[in-house]
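Below: the structure, in structure tokens.
The values are calculated or read from the model by the stated rules, or taken from the named source; none is laboratory data. This is a predicted model, so every value here is computed, not measured. Virtual Cβ from ideal backbone geometry, glycine too; neighbours counted across all protein chains shown. For accessibility, only protein heavy atoms count, side chains too; no ligands or nucleic acids. Shrake-Rupley method; radii C 1.70, N 1.55, O 1.52, S 1.80 Å.
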Amino acid sequence: METINNKNSHKVGSIFSTTWGYDQTNVEFYEVTERPSPHFVVIREIGQNVEAESWSSNRVTPAPGRYIGDPIRKKITPNGLIKIDHIYATPTDPEKSHYATSVYAGH
């Protein structure tokens, strides 16, 4: 795994994403809401802005501040990732769209 050396990627307001799925692509976004120590962050899942690309796919971007669920305290891995359940979240550019399977094609 690639090491993330940019300490700014873990500052409050930074966005992380996960991508997962079998026969479909699901994307989830998380916003750093607190940085209680050098080794921990508090994140919250955030909503998505969805732009239909076709009947089977969408382009999604994070919606900072549109929180889903409660805050979660997570340890930053030695290579700079954040492990959420069994998936690693990586820093993402909030302006960059991500491919996701549409609700009509497999969710």
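Residues Ser17, Ser37, sorted by accessible area with the largest first, give Ser37, Ser17 [1.4 Å probe; ligands and nucleic acids excluded].
A cut-off under 15 angstrom between Cβ atoms defines the neighbours of Ala63, and their net charge, with Lys, Arg +1 and Asp, Glu -1, is -2. Computed over protein heavy atoms with a 1.4 Å probe, the carbon and sulfur contribution to the accessible area of the chain reaches 50%.
Note on the range 30-107: with charges restricted to the Cβ of Lys and Arg (+1) and Asp and Glu (-1), its dipole about the Cα centre is near 300 debye.
Accessible surface computed residue by residue for the chain, with neighbouring protein chains in place and a 1.4 Å probe, gives 62 Å² per residue. Neighbours of Lys96, meaning other residues whose beta-carbon lies under 14 angstrom from its beta-carbon, give a summed charge of -2 when Lys and Arg score +1 and Asp and Glu score -1.
Quick one, can you get me the convex hull of the C-alpha atoms of the chain expressed as volume per residue in Å³? If you can, show how the numbers build up before the last one.
Details: hull volume 11.2 nm³, N = 107.
So the per-residue Cα hull volume is 105 Å³.
Accessible area per residue was computed with a 1.4 Å probe on protein heavy atoms; Asp93 scores about 80 Å².
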